[in-house]
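Everything below concerns the one structure shown next.
Readers should treat all values here as calculations from the given coordinates under stated rules, not as data from a laboratory. Only a predicted model underlies this, so the values are computations on that prediction, with no experimental measurement involved. Note: ideal-geometry Cβ built from the backbone for every residue, glycine included; neighbour counts use all protein chains shown.
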Amino acid sequence: MTFQIIMILALVQGITEFLPVSSSGHLLLVHALFQSEAGLEVFKQNLLLDVAVHVGTLFSVLLYFHSDVLQMLCGLKKMVTGNIKNAETKLDLYLLISSLPVIAAGLAISLAGFYWGHNILIVAWMTLIFGIVLWAVDALKPAEKTLSQMNARHALLIGLAQAIALVPGTSRSGITMTMARYLGYSRTEAARYSLLLAIIAIGGAGTLGAIGLYKMGNVTFTLDALLAMALSFVSGYIAIHLMMRWLEKASFKVFAIYRILLGAALLAIGYSLMPL
């Protein structure tokens, strides 16, 4: 695998981890452009790079939402003392509720030994379909709820939506933002909740990867891994910043259109590769 492909994939992963545009779709697109199996399988085959990119993206969201993170830590402290009737602790509980469905679904899939693989047609259709859903929901749901109006039912529904993102091409951030918009939350609040939820998702995935590295006895970061971490951190932070600024004055329409075009492109590639 070339150094250039590693760096491109680190940038792609860093950017698409938080935007509602499907990271799976972009990894497949890179594969198609470079015609390299290494480009497609890099993070699956190289656990060290996978952990590095997760660490980088985790740091980017922690830094951007540092004030929210500090409040969440305050909420955890209050929760330990039995004080749950405060905004900080309630947010922690709602994020936990939203995380339970994907944890349960992921565990069930793992125990069943099921693996989606990188079927380009599945990724393409999910990218396109949920791009259309995002566009429709965002256009039809102008409500402006804030996270102070979050409740357990809404948290669970967002969590169930997140579980669907286990199907490649759905986009974890995309489907959770879509559900939050459907429930009436403003664009910025929908994105904020989705990205705070990402802390648990990314942290969990990174932790599992780190455990795997420890069991393998491979805990030394290579130069490639350090650069991948740095690139995913910088690109992730910039992506979050630009998206949040955009959503303050515009809609998800541009992301939805981009997803539809990406899905269509992947469908064209996928069907062109099918034997006649």
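Database remark: amide H of Lys145 closer than 5 angstrom to the amide H of Tyr185, Ser186 (H placed geometrically; neighbours at sequence offset of 5 or more, or on other chains; Pro and chain starts carry no H). Note on Lys215: lysines with a C-alpha under 19 Å away, same-chain residues under 8 apart excluded, are Lys44.
Suppose the chain between Ala264 and Leu242 were pulled fully straight at 0.36 nm per residue; how much longer would it get relative to their current alpha carbon spacing?
Contour length minus Cα-Cα distance gives 5.4 nm.
Name the residues of the stretch 108-147 whose amide N is less than 19 Å from a point 7 angstrom out from the Cα of Met274 along the C-beta direction? Zone members listed by number: 117-130. Computed from phi, the 3J(HN,Hα) profile of the stretch 135-145 under the Karplus parametrisation 6.51, -1.76, 1.60 (θ = phi - 60°) reads 4, 5, 5, 5, 6, 9, 10, x, 4, 10, 5 Hz, with x in place of Gly and Pro.
Suppose a student asked you for the relative contact order of the chain, using Cα pairs under 8 Å spaced at least 6 residues apart; what percent would you report?
Working: 407 pairs, mean separation 101.7, N = 276.
Rounded, it is 37 percent for the chain.
Just Phe65, Phe233, Phe252 to compare: in a GNM of the chain, with alpha carbon springs under 10 Å, which one fluctuates most? In this elastic network of the chain, the residue with the biggest mean-square fluctuation among Phe65, Phe233, Phe252 is Phe65.
Extension gain, Leu156 to Ile129, is 7.5 nm, computed as 0.36 nm per intervening residue step minus the present C-alpha separation. Within a straight-line Cα-Cα reach of under 29 Å, Lys85 can be paired with the following lysines, leaving aside sequence neighbours fewer than 8 residues apart in one chain: Lys77, Lys145. Of the three principal axes defined by the Cα atoms of the chain, the extents in descending order read 58, 48, 38 Å.
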